[in-house]
Structures are given as structure tokens and as C-alpha cells.
1. Could you tell me how many of the residues in the range 3-18 are at pLDDT below 85 and in contact with a helix residue (DSSP H, G or I) (Cβ under 8 Å, 6 or more places away or on another chain)?
2. Tell me yes or no: at least one residue of the range 117-137 is of a type in the set (S, T, N, Q) and buried (at least 20 other Cβ atoms within 10 Å of the Cβ).
3. So which of R115, R97, R89, R105 ends up being within 20 Å of S160 (Cβ to Cβ) and among the basic types (K, R)?
4. In the range 56-81, what residues are more than 14 Å from the chain's Cα centre (by Cα) and either surrounded by fewer than 22 Cβ atoms within 10 Å (Cβ to Cβ) or acidic (D, E) (or both)?
5. Applying the selection to the range 82-112, what residues are of a type in the set (G, A, S) and either surrounded by 21 or more Cβ atoms within 10 Å (Cβ to Cβ) or closer than 16 Å to R125 by Cβ (or both)?
6. Quick check, is A184 within 30 Å of S40 (Cα to Cα), of a type outside the set (D, E, K, R) and crowded, with 16+ Cβ neighbours inside 10 Å?
7. Checking the condition within 30 Å of G41 (Cβ to Cβ), part of a helix (DSSP H, G or I) and out of contact with any Ser or Thr (no Cβ under 9 Å at 6 or more places or on another chain), which residue from M222, M178 passes?
8. Please specify each residue of the range 10-46 satisfying the condition of being of a type in the set (A, V, I, L, M, F, W, C), loosely packed, with under 15 Cβ neighbours inside 10 Å and over 13 Å from T164 (Cβ atoms).
Amino acid sequence: MNPLNGEHGLAFLASLQLADSFFPSGLYTLSHGLEAFVQSGQVDANNLEALLADYLRYSLGSTDGVALACAHRAGEEDTLRLALLADVRLTAVKLAREARETSRRVGRQLLTLSRQVFGGEILNRYAGHVGNDKAPGNHAVVLGLVMATLGIPRDQAVMSELYTFSSSFVAAAVRLAMIDYRLAQVILHQLKPVIAEIARANCTKSVQDIASCAPLIDVMAMRHERAELRLFMS
């Protein structure tokens, strides 16, 4: 059976649509703290890939990646309990104010757009909790529910989120004149095995496993909040 036939093909196309830079998620406004790293002189073209790998391993994968997986499981089971718990936990582990506010802003934007484009009863129910301020509406949680609704497998959903973040990160590096587009593509290609490894490690974890251990990344995100000149919102 051809994996691109029927529902499998539609799910694959849906994952491409969500990961496409043309999809108006708002990620293009974010540097994810990279701007503060550049201003401090602690990162350049030589160590950018290593920094991004640390983001994926010790911050994004174990926080947003796990939260997305939990929300995806909630979507598959058609119950919001796990998604709501993951939503609250994810907000709690985002120490920098910018990171918390950005996650909620982008998440709520994604939720509104996804209900219009894709539909889905569970998204409507979740939107009710977000609208009543009973759920933060973090981007990873919204995305997990959306991807479950569209039939995208959980491991692919987590990989897609990690890749989309990586693409946004190197795009910010290009805009900050750190690297050119060619090196950006080299970095993305070389990090594919890392992305796959991190997705496998986090796609079966529980809400209690949502945690971060990246103090320097958190400090730089906090510095960015107070920077006098900023090109990005985070």
C-alpha cells in the first residue's frame, strides 16, 4: 500500500502545511533568545549549530516537545484533561516572561486560525477553556491537538515541531547577519539526526516529565526583555 494514499497522504500534506514558513504562525517575529546571545558576543557562525542542538536537547525537546506529545495523546483519546495539565505545566517551566507570553500569543493565534482552516470539535472545546482563561493556550499544546485532529502520527508531530523551531532559529540567524542561507541549510541538514533522536526520546513522556535545564538560555531570554534595541519580539 502506498503510504501517500488516502488518510496517510492527507496527514503528510497537513504536516507540510503547518511547518511551512508561509503558514502565519508568527514565528518569524521570534529569535528565541538568539538576539541576546549575539549582542553578548557569545555565539557566531562557528558555534551556532552547537547552540541550536542544546536548545533542542535541554530546552525545547523536554518542554514543548513533551507538552505537544501529551496534547496529541489527548486529541487521540478525545479528552482534554491531559492537554490542560500539560498546558499549565508548560507555562510553569517557562521562566522568562517573554517566553511565556510569546508561547501564549502564538498559540492563541494558531488556535484561532486552525479552527477556521481545519475545524475539529476538540479544538472548539479547548478554545472554550482558553477563552475563559482556564488554560494558557501554549503553542505546543495547540499544535499537538491540531496535529492529532489531522491524523499526523505523534512522533512525526514532535519532529515537525522541532524542525520548525530549528528553521525559525536559523532564519533569525540569517536576519541577524550571522550566517547566509546556504549555511542555514547545512545546519538544518546536519541536525536532522538530532531532531529525530530527541523526538523519539520525548514523544512517549508524561506531563510530569515536562522540564527544562538550560540556565544560560533562560538568562539570555531574560536579558532580551530589557534590551534597548531589539529586532525580534523574543
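1. Number satisfying all stated conditions: 2.
2. Applying the first criterion (of a type in the set (S, T, N, Q)) to the range 117-137 yields 124, 132.
Cutting the leftovers down to buried (at least 20 other Cβ atoms within 10 Å of the Cβ) gives us none.
No: zero hits.
3. Numbers: R97 fails: within 20 Å of S160 (Cβ to Cβ); R89 fails: within 20 Å of S160 (Cβ to Cβ); R105 fails: within 20 Å of S160 (Cβ to Cβ).
Unique residue meeting the criteria: R115.
4. As a first pass, look at the range 56-81 and keep what is more than 14 Å from the chain's Cα centre (by Cα): 73-81.
R73, E76, E77, D78, T79, L80, R81 - these are the residues of the range 56-81 that are more than 14 Å from the chain's Cα centre (by Cα) and either surrounded by fewer than 22 Cβ atoms within 10 Å (Cβ to Cβ) or acidic (D, E) (or both).
5. Initially, the range 82-112 is screened for residues of a type in the set (G, A, S), giving 83, 86, 92, 96, 99, 103, 107.
Of everything in the range 82-112, those that are of a type in the set (G, A, S) and either surrounded by 21 or more Cβ atoms within 10 Å (Cβ to Cβ) or closer than 16 Å to R125 by Cβ (or both) turn out to be A83, A86, A99, S103, G107.
6. Values: within 30 Å of S40 (Cα to Cα): yes; of a type outside the set (D, E, K, R): yes; crowded, with 16+ Cβ neighbours inside 10 Å: yes.
When the stated conditions are applied, A184 passes them.
7. Numbers: M178 fails: part of a helix (DSSP H, G or I).
Of the residues listed, the single one that is within 30 Å of G41 (Cβ to Cβ), part of a helix (DSSP H, G or I) and out of contact with any Ser or Thr (no Cβ under 9 Å at 6 or more places or on another chain) is M222.
8. Within the range 10-46, the first condition is being of a type in the set (A, V, I, L, M, F, W, C), and the residues that meet it are 10-14, 16, 18-19, 22-23, 27, 30, 34, 36-38, 43, 45.
From the residues that got through so far, the ones that are loosely packed, with under 15 Cβ neighbours inside 10 Å too are 10, 13, 16, 22, 45.
Hits for the range 10-46 are L10, L13, A45.
The values are calculated or read from the model by the stated rules, or taken from the named source; none is laboratory data. No experiment lies behind these values; they were computed from the predicted model shown. Heads up, the Cβs are rebuilt from the backbone with ideal geometry, glycines too, and the neighbour counts pull from every protein chain shown.
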